[in-house]
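Report on the structure given below.
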Amino acid sequence: MDHSRVPVIESLQAFRERGDLVFGPPGHKQGRGADPRVVEVVGEGVFASDVLTLNGLDDRRESQGVVSQAEDLMADAVDADTTFFSTCGSSLSVKTAIMSVAGPGEELLISRNAHKSVMAGVIVSGIVPVWVHPHFDTDLAIAHPPEPDDVRAALEAHPDAKGMLLITPTDWGSCADIAGVAAVCHEFDVPLIVDEAWGAHLPFHPDLPAWGMDAGADLVVTSVHKMGAAIEQSSVFHLKGDRVDPSVLKQREDLLGTTSSSSLVYLTLDGWRRQMVEQGEELLGAALQRAARLRTAVEGIEGLSLMGREVVRPGGAFDLDPLVFTIDVRPLGISGYQAGDWLRAECQVDVGSADACRFSARLTHADDDTMVDRLVESLQQLVAAAPSMEQQAPVVLPPARSLELESVMRPRDAFFAPVEQVPVDQAVGRVAAEMISPYPPGVPVLCPGERISQEAVDYLTSGVVAGMLVPDAADPSLQTLRVVRR
């Protein structure tokens, strides 16, 4: 295929050249009605590029196939059979994926370190999750993806399960053995869905971890806004093989998706695909060189503990994304929350996920040497400032496997059941009726239908005191929890 083509961008250019007058949405009329004070901040191009797909980029019959051509080019770029664009982020894409494989009352294997959007899909659909638990690294207090033997055991115990959802890479850069898990799933003749939200870059350089489509996955969800160069909410899901019906996938997407798709998302997805096909290996190669230099620099800063390939072992990670820097700050006597807040306030450096132990920083092809140098300088300043930081109350880190809670109700049933809000010390032993997801990264500690344990309560309540955010809780202070009424 001709990857110099960018159908969405070309259509937008044609729209502008024709000088179309639009007497429908969007109401700002390509910026003519936008508040000049807003335009001054975001630029004229944002509004000028915000055009309806129907009777804008294409006609009402979609006879030009603008978006479908762009999706076909994306599929070809990553060795998929079919690709769908999503303008609601991978939160929508992953819901579409799981609902295309399993339905109400049917079982689906799901890695328990899944994002809250997966649990939301389980609740909406009525799917019965069969949790496949990740491997907990006690020393690092971090979870690595499940292994093929874990999936095999779950499938043997649940022969009616319709498939498996695997999360890789994790927020901390740990990667799963996709090929091994895919082989097990296919042995049982069920599809493997890979939530590869953090892996948009993986198909475009040979020195990066394996890409789901190349490793045997049937359906892969990717957030291009995370590690690619498309705007926020830009997501795609890719299909390969015949274990998932593409017409079913399209229907589920139509059920959940917006009827007001963003041309801004479409055109940046289109442009990113062209950039990666034409320049991806060169751009990512430069990023990998910078990452190697940054790794050497961070390893030389006393007081910081950088997660490296020592975690690649049985019971640990299968591989590690070299562009992800997971930095443990416990040797400094501070938390990851404190470190992230201090870097933002004092150095104007914003990092990614943070928890009681660590924070993460990620490089993409967009970073340059100046940005890397500034990060190193900021980390050095953090180390120097740490002794003067206020000591926070310690977080009660859960012992290994203690957060593998008992599921006693279907998530959907618990979520929609009559509930009551009880003091947190009275919630132990009760059935959770809400998600409690420290954010970021947004992996639920409590899911609806799980029996609340003392270990989970101790971890969450001590975490909130130390700076943990749980924005999805009915009571973000966690003085109370929502439970199923007796």
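Could you tell me which trypsin sites (Lys or Arg not before Pro) in the stretch 353-453 are loop residues by DSSP with no more than 13 other beta carbons within 10 angstrom of their beta carbon? Sites meeting the loop and neighbour criteria: R401.
Only one residue of L306, A286, L343 has its Cα farthest out toward the positive end of the dipole of the stretch 280-388, where Lys and Arg carry +1 and Asp and Glu -1 on Cβ, and that residue is L306.
Between R32 and D369, the simple label model (points 7 Å from Cα in the Cβ direction) yields a spacing of 4.9 nm.
When each of I9, I231, I436 is scored by the number of other beta-carbon atoms lying within 10 Å, the sequence from fewest to most is I231, I9, I436. Relative to one another, the C-alpha centroids of the stretch 463-481 and the stretch 150-171 are positioned 30 Å apart. Here the stretch 223-249 and the stretch 88-109 have alpha carbon centers that stand 13 Å from each other.
For mean projected area of the Cα convex hull in nm², the value calculated from this model appears in [x] 20.1; [y] 33.8; [z] 23.9 under label [z]. Considering only beta bridges that DSSP places wholly inside the chain, some 65 percent are antiparallel.
Each of M164, M1, M227 has some number of other Cβ atoms within 10 Å of its Cβ, and from fewest to most they run M1, M227, M164. The Cα center of the stretch 1-30 and the Cα center of the stretch 344-411 differ in position by 41 Å. Residues of the stretch 92-116 falling in the label zone of V312, defined by backbone nitrogen less than 16 Å from a point 7 Å along Cα to beta-carbon, are absent. Loop-located chymotrypsin sites (Phe, Trp or Tyr not before Pro) in the stretch 1-92 (DSSP state other than H, G, I, E, B) with a sparse environment of at most 14 neighbouring Cβ atoms within 10 Å: F23. Other residues whose C-beta falls under 11 angstrom from the C-beta of V220 contribute a net charge of -4, scoring Lys and Arg +1 and Asp and Glu -1.
Every number in this text was worked out from the coordinates using simple rules, so none of it is lab data. As the structure is a prediction and not an experimental result, all values here were calculated from the model. Cβ: placed from backbone, ideal geometry, glycine included. Neighbour counts: every protein chain shown.
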